[in-house]
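Since the structure comes first, as structure tokens, the remarks are kept for the end.
The values are calculated or read from the model by the stated rules, or taken from the named source; none is laboratory data. Everything quoted here is computed from the prediction, not taken from an experiment. Because the Cβ atoms are built from the backbone with ideal geometry, glycine has one as well, and the counts that use them run over all protein chains shown.
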């Protein structure tokens, strides 16, 4: 299995797909924590999810269940995440 290198050769955009990512190597490369919330896996709990673009299968990183399911989710887009951040920063609708 391969792992995600620190840098890709100049002029390439070859990022591994989710199926070929080495979980242990990627977890080590992320410092042993979720790529979003930076928390480590719970002892005896679920492994982190291999987050990927559902259209291209391009691997993005390892996420805990909460970040994968509730922050990014299957239908998340950059625009929706920015809108959610704006909403929270405003303190809601009011």
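Out of all the residues in the stretch 21-39, is one or more surrounded by 14 or more Cβ atoms within 10 Å (Cβ to Cβ), farther than 24 Å from residue 83 by Cα and either modelled with pLDDT under 85 or in contact with a helix residue (DSSP H, G or I) (Cβ under 7 Å, 6 or more places away or on another chain) (or both)? Yes, the stretch 21-39 has at least one match. Among the residues of the stretch 40-74, just one is in contact with a helix residue (DSSP H, G or I) (Cβ under 6 Å, 6 or more places away or on another chain) and exposed (fewer than 12 other Cβ atoms within 10 Å of the Cβ), namely 46. Filtered by the rule that a residue be over 20 Å from residue 21 (Cβ atoms), at pLDDT 90 or above and not in a helix (DSSP H, G or I), the stretch 45-86 gives no residues.
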